[in-house]
Amino acid sequence: MSEVSVKTPKIWLIAAICGVLAFLALLVLAGYSTGASVIVGVLVAALVSILLWIGWYEDDAAVAEGHPEADVTTDGLMHTAGVGDEPATPVADEIAPEPHAADTREVRSSAAAATPEATPVSDEGGTKPEFLAGPMGGAADNLKEIKGVGPKLEQLLHSMGIFHFSQIAGWGDAEVAWMDENLKGFKGRVTRDDWVAQATTLAAGGETEFSKRVEDGDVY
């Protein structure tokens, strides 16, 4: 029910009471005739109703102008508070700045510096060999006994998951092709120095001329 429909009966009731009082006052106290008293009572009632209507209308207009955004209905409060909806996005999240491109580059550079010579993940040109999470038995073979594997390359092989002669000895042509393609900075080294043949000898407990020199301390 609207505000106007609620206030209208009150206005007419008050105006009627004022009109009746004016009628009685004129008729009894002032000694006016009944007809004159009725006319004046009706005029008083009409005047009172007009004044009340104007007064209430101005009050409503003032309230509306003073608080145009106020919505005190249940639906309005629920909508404002987000009751029944998903939680509103925090203001801090909405205004959080996008990461600057320079900051992104710095983060990537830091991550790259912390990672030992990452190996490309290309699977082209062969089959990726089986890698280990760590050396078996907690101790890795001295891969530097393979001709062509120096300290830096040995570190790279460890970072890839290669720790033992037996791993290299088990490579077929597809695995060799993959390693030749994916050894960053040392492409083609596996085939050029024939790692598989050397590793096969060393994995069986044998020695090569180069491995003897490494054991004697003549290399590295």
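Remark on region 136-215: ratio of C-alpha radius of gyration to 2.2 N^0.38 Å is 1.00.
When only the Cβ of Lys, Arg, Asp and Glu is charged (+1, +1, -1, -1), the dipole of region 136-215 relative to its Cα centre reaches about 300 debye. Highest average first, the peptides 148-156, 173-181 ordered by how many other beta carbon atoms sit within 10 Å of their residues are 173-181, 148-156. Peptides 41-47, 214-220 ranked from most to least packed, by the mean per-residue count of other Cβ atoms within 10 Å: 41-47, 214-220. With both labels modelled 7 Å from their Cα along Cα-to-Cβ, the His158 to Asp218 distance reads 2.6 nm.
Rule-based calculations on the coordinates, nothing more; no lab input. Source: prediction; values computed, not measured. Here the Cβ is made from the backbone with ideal geometry for all residues, glycine too, and neighbour counts use every protein chain on show.
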